[in-house]
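Notes follow the structure.
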Amino acid sequence: MARVRSVDLGGSFLPSLEGVCELLLVRHGEQAFVADMPLAEGVDAPLTQLGRQQADAVGRRLAETAIDAVYTSTMQRARDTGLAVASHHDLTISEHQSLREIHLWEQLPQDKGLVESLGQDELKRIMRAANRSRRWDSYPHAEPRDVFRTRVITELDRIAGDHVGERVVVACHGGVINAYLAHIMESELDTVCTVHHTSITIVRAMDDLRRVVQVNDHEHVKSFQTEINPINAA
């Protein structure tokens, strides 16, 4: 007999996490990008001063929330954001390569900047096409979108399966969060919405069901942040 599910996974007031994993997907804080920096430096850029402030704010925001585990990507901006959360719960972080951000320029020389490699006109053409399509395959030099989406979905589903009955923070990246949302929503888009630095997106998992509860909650930064540096928006 098929199991009858009476739990409203998407409800605001879930009575308990019995049989459920609640994933809090936290985007990292603002990263230290500068115009036309060498790609190798930009791939694993650290947090800016604002990014550290954002990470501290999301850590304090979640300090009174019961957290059972904290996962991060291996990129330092995600790792440091995860540490800011874990420090309030006496937890260590678990780093996973498969949670890294998509590498949009992996086929280009990593010791050069984008303008030097592509030229201003070609770079603008690619960015315009990507903004229109909201798909990673608009970037001709990127990690394949299906490879990226598969590694993200596989890892987040594995985490959910390992933490039934628990609440888990995953400090990761905007592309990672969007890949999982697109999967749940069965969307062909790769960027289904904007997720701000250190925003909290909540997904609940039960058996093979996934429900999006909350997206892009960044109330904790609004007391000190009023604008976005356009270089660091992505």
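The values are calculated or read from the model by the stated rules, or taken from the named source; none is laboratory data. From a predicted model like this one, the values you see are computed outputs, not experimental measurements. Heads up, the Cβs are rebuilt from the backbone with ideal geometry, glycines too, and the neighbour counts pull from every protein chain shown.
Annotations for the structure displayed:
- Residue that is modelled with the highest pLDDT [pool: residues in the stretch 39-66 that are part of a helix (DSSP H, G or I) and under 21 Å from residue 103 (Cα atoms)]: 51
- Qualifying residue in the stretch 70-79 (condition: of a type in the set (Lys, Arg), touching a His at 6+ places or on another chain (Cβ under 8 Å) and either at pLDDT below 95 or farther than 19 Å from residue 215 by Cα (or both)): yes
Conditions tested, residue by residue: (1) within 25 Å of residue 79 (Cβ to Cβ); (2) of a type in the set (Ser, Thr, Tyr).
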| position | (1), (2) |
| --- | --- |
| 160 | yes, no |
| 164 | no, no |
| 181 | yes, no |
| 191 | yes, yes |
| 194 | yes, yes |
| 209 | no, no |
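- Residues of the stretch 22-38 that are surrounded by fewer than 21 Cβ atoms within 10 Å (Cβ to Cβ) and either at pLDDT 95 or above or among the acidic types (Asp, Glu) (or both): 36 alone.
- Wholly enclosed strands (runs of 3 or more DSSP E) of the stretch 123-217 bearing at least 2 residues touching a helix residue (DSSP H, G or I) at 6+ places or on another chain (Cβ under 9 Å) and surrounded by fewer than 19 Cβ atoms within 10 Å (Cβ to Cβ): 209-217
- Inspection of the stretch 146-154 identifies no residue that is modelled with pLDDT of 95 or more, over 22 Å from residue 10 (Cα atoms), touching a Ser or Thr at 6+ places or on another chain (Cβ under 6 Å) and among the aliphatic types (A, V, I, L, M).
- Condition met for residue 219 (under 24 Å from residue 79 (Cα atoms) and either modelled with pLDDT of 95 or more or among the charged types (D, E, K, R) (or both)): yes
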